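Trainee: Dumping the structure here so I can ask a few things about it.
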Amino acid sequence: MSTTTSSYETITTDGRLRTEGDLTWAYLPAPTVQSHAANLMTLPDGRLGCVWFGGTQEGVPDISVWFATLAPGAEAWSAPCRLSDDPARSEQNPILFPTPGGDLWLLWTAQHAGNQDTAEVRRRISPDSGETWGPVETLFPPAADGGVFVRQPPVVLSSGRWVLPVFRCLSVPGQKWVGDRDDSAVMLSDDDGATWRQVLLPGSTGCVHMNVQELGDGTLLALFRSRWADAVHASRSRDGGQTWEVPAPTELPNNNSSIQYVRLADGRLALVYNHRRAEPGTERRLSLYDEIDDDGLAPEQAAAPAPAAVEPAPQEGRRSAFWGTPRAPMTLALSEDEGRSWHVLRDLDTGDGYCLSNNSREGLNREFSYPSIHQGPDGALHIAYTYFRQAIKYVRVELPAADA
């Protein structure tokens with residue numbers, strides 16, 4: 001257990017479940033200064049698993065993947081274990097994927113410093129629900145024009161096809177990556193992950209963290225984070241992911257931060273996200289990594305001061321990614337018409353959501369972000385998200401019946 005003090009409160013990261021009203025919650029054990037980007041999944045043995053990345057600060061090479069579990073009936077999350085440890089790369093955005101054959105895959109990204117255009121996707125496989133793991137493999141190497149990132153878990157369609165959403169962090173010659181050209185694709189496999197082929201989404205520049213679910217009629221619905229911090233975007237495929245609509249904005253706001261949704265057993269869709277967008281006058285930071293130098297060091301770690309951040313030169317006809325929109329509240333919404341409309345059910349956490357700095361050492365960050373949502377075998381919703389970049393907060397929610 002560790003205890004950290006933020007500008008708002010003391011966070012006791014002991015993993016112990018607590019109950020307040022109709023919510024059960026916990027702060028997962030935090031062995032590192034920073035914790036971010038959780039993903040939840042029921043493991044083949046019935047435990048609930050959570051993976052996230054932790055270290056000094058996102059983009060620094062000490063960032064690694066961490067894994068903890070919650071056994072049925074347990075009163076606390078397990079002590080976490082580290083599943084990756086590359087001293088030269090920042091290892092981020094882990095996801096758990098229980099395959100139909102019974103193995104558990106861990107997927108994550110590995111990049112040099114704050115250069116997401118160098119990222120590759122790595123994999124480890126566990127035959128026993130995460131008790132032991134095989135060697136680290138590179139599943140998708142970076143391409144000549146940029147890196148490849150994951151954030152959302154693969155889905156297995158009713159046809160048996162595997163669909164793994166990815167986003168491409170594309171390079172601009174002579175410039176540091178800032179996210180302006182990022183777009184989305186799906187990797188499709190019809191042989192249980194032995195081989196993959198890539199399908200690019202048309203018109204998806206700025207739409208990332210693609211989250212795919214299969215609907216009742218076999219249509220695939222993808223929801224996206226927007227680099228422009230304007231709205232959650234949506235696209236549909238009616239042929240198993242081989243072709244897609246151009247992503248279009250929905251009624252839901254987005255602040256250039258991650259979202260996640262799941263299709264429930266009763267057919268409704270449940271989404272967790274920040275109900276926030278950039279407004280005129282919203283303060284802006286230059287990039288996600290404007291505190292990290294080219295060696296992946298924060299300013300106080302570097303032998304020499306980091307160069308001053310410079311506003312990228314405007315590119316004619318190109319939109320610019322908007323970083324720094326507050327990441328709060330953390331909101332749960334439902335759709336009863338397969339994603340055509342949404343209604344807010346509740347806010348899980350509220351605050352100012354300050355994220356103009358990723359500095360966790362001094363408690364400067366106050367974001368609620370990067371949520372994961374998963375329906376357990378008992379029908380309850382399990383949600384995890386970043387809390388002030390100091391901890392992963394877990395929340396269990398009982399949903400009202402569909403006709404309530």
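Bear in mind these aren't lab numbers, they're just calculated from the coordinates by the rules spelled out. In this text the structure is predicted, and so the values were computed from the model without any measurement. Please note: Cβ atoms are built from the backbone with ideal geometry, for glycine as well, and neighbour counts cover all protein chains shown.
Trainee: Take the range 76-197, drop everything but the C-alpha atoms, weight them equally and run the Debye formula without solvent; then report log10 I(q)/I(0) at 0.16, 0.17, 0.23 Å⁻¹ to two decimals.
Mentor: Computed log10 I(q)/I(0) values: -0.81, -0.90, -1.37.
Trainee: Testing the spin-label approximation: label points 7 Å from Cα along Cα→Cβ at Asp347 and Asp190. State their distance in nm.
Mentor: 4.9 nm
Trainee: Would you work out if the range 317-404 is rounded, prolate or oblate? Take a ≥ b ≥ c from the square roots of the eigenvalues of the alpha-carbon gyration tensor; rounded if a/c is under 1.5, else prolate when a/b is larger than b/c, oblate otherwise.
Mentor: oblate
Trainee: Fewest Cβ neighbours within 10 Å first, please rank Asp295, Asp14, Asp22 accordingly.
Mentor: With the fewest neighbours first, Asp295, Asp14, Asp22 line up as Asp22, Asp295, Asp14.
Trainee: Hey, got the dipole for the chain? About the Cα centre, +1 on K and R Cβ, -1 on D and E Cβ, debye to the nearest 20?
Mentor: Dipole of the chain, to the nearest 20 debye: 260 debye.
Trainee: Please work out how much length the chain gains when fully extended from Thr99 to Arg318, using 0.36 nm per residue of separation minus the C-alpha to C-alpha distance, in nm with one decimal.
Mentor: 74.9 nm
Trainee: Sum up the charges of everything whose Cβ sits under 13 Å from the Cβ of Ile392, counting Lys and Arg as +1 and Asp and Glu as -1, but leave Ile392 out.
Mentor: After counting each charged neighbour, the total is -1.
Trainee: With no solvent and one equal point scatterer placed on each C-alpha of the chain, evaluate the Debye formula and give log10 I(q)/I(0) for q = 0.06, 0.12 Å⁻¹, two decimals.
Mentor: -0.21, -0.91
Trainee: Follow-up question, since we're still on this one. Give me the distance in nm between label points sitting 7 Å out from Cα along the Cα-to-Cβ direction at Glu245 and Arg16, one decimal.
Mentor: Label-label distance for Glu245 and Arg16, simple model: 4.9 nm.
Trainee: Please state the shape class of the range 1-107: rounded when a/c is under 1.5, otherwise prolate if a/b exceeds b/c and oblate if not, all from the C-alpha gyration tensor.
Mentor: In terms of gyration-tensor shape, oblate.
Trainee: Right, something else. Using Cα-Cα distances under 8 Å and only pairs 6 or more residues apart, what relative contact order does the range 146-227 have, in percent?
Mentor: 26 percent
Trainee: Same structure again: Would you pull out the residues with amide H under 5 Å of Ser84's amide H, same chain only if 5 or more places away, H placed 1.01 Å from N?
Mentor: Those qualifying (amide H under 5 Å, at least 5 residues apart or on another chain) are Val65.
Trainee: What are the extents of the Cα atoms of the range 54-130 along their three principal axes, in Å, largest first?
Mentor: The Cα atoms of the range 54-130 stretch 41, 30, 15 Å along their principal axes.
Trainee: What's log10 of I(q)/I(0) for the range 127-200 at q = 0.11, 0.12, 0.17, 0.18 Å⁻¹, Debye sum over Cα points only, no solvent?
Mentor: Debye intensities relative to I(0), on a log10 scale: -0.37, -0.43, -0.78, -0.84.
Trainee: Something else about it: Which residue, chosen from Asn255, Val272, Val212, occupies the Cα position most advanced towards the positive end of the dipole of the range 201-280, where the dipole is computed from +1 (Lys, Arg) and -1 (Asp, Glu) charges on Cβ about the Cα centre?
Mentor: Result: Asn255, furthest along the dipole toward the positive end.
Trainee: Taking GluC sites (Glu not before Pro) as candidate sites, keep only those in a DSSP loop with at most 15 other Cβ atoms within 10 Å, then name the longest stretch of the chain containing none of them.
Mentor: Between the exposed loop sites, the longest stretch runs 132-244.
Trainee: Another question about this same structure. Taking the Cα centre of the range 315-404 as the origin and placing charges on Cβ (Lys, Arg +1; Asp, Glu -1), which of Phe322, Gly351, Gly339 is farthest toward the positive end of the dipole?
Mentor: Toward the positive end, the furthest listed residue is Phe322.
Trainee: Just to confirm the filter: which trypsin sites (Lys or Arg not before Pro) across the range 333-404 are DSSP coil and have at most 15 other Cβ within 10 angstrom of their Cβ?
Mentor: Passing sites in the range 333-404 are Arg340, Arg361.
Trainee: While we're on this one: Which of the chymotrypsin sites (Phe, Trp or Tyr not before Pro) across the range 7-50 are loop residues per DSSP, with 14 or fewer other Cβ within 10 Å?
Mentor: Taking the range 7-50 and a limit of 14 other Cβ atoms within 10 Å, the loop chymotrypsin sites (Phe, Trp or Tyr not before Pro) found are Tyr8.
Trainee: How far is it, in nm, from the label point at Ala76 to the one at Thr138 when both lie 7 Å from their Cα along the line to the Cβ?
Mentor: Computed distance between label sites Ala76 and Thr138 equals 4.1 nm.
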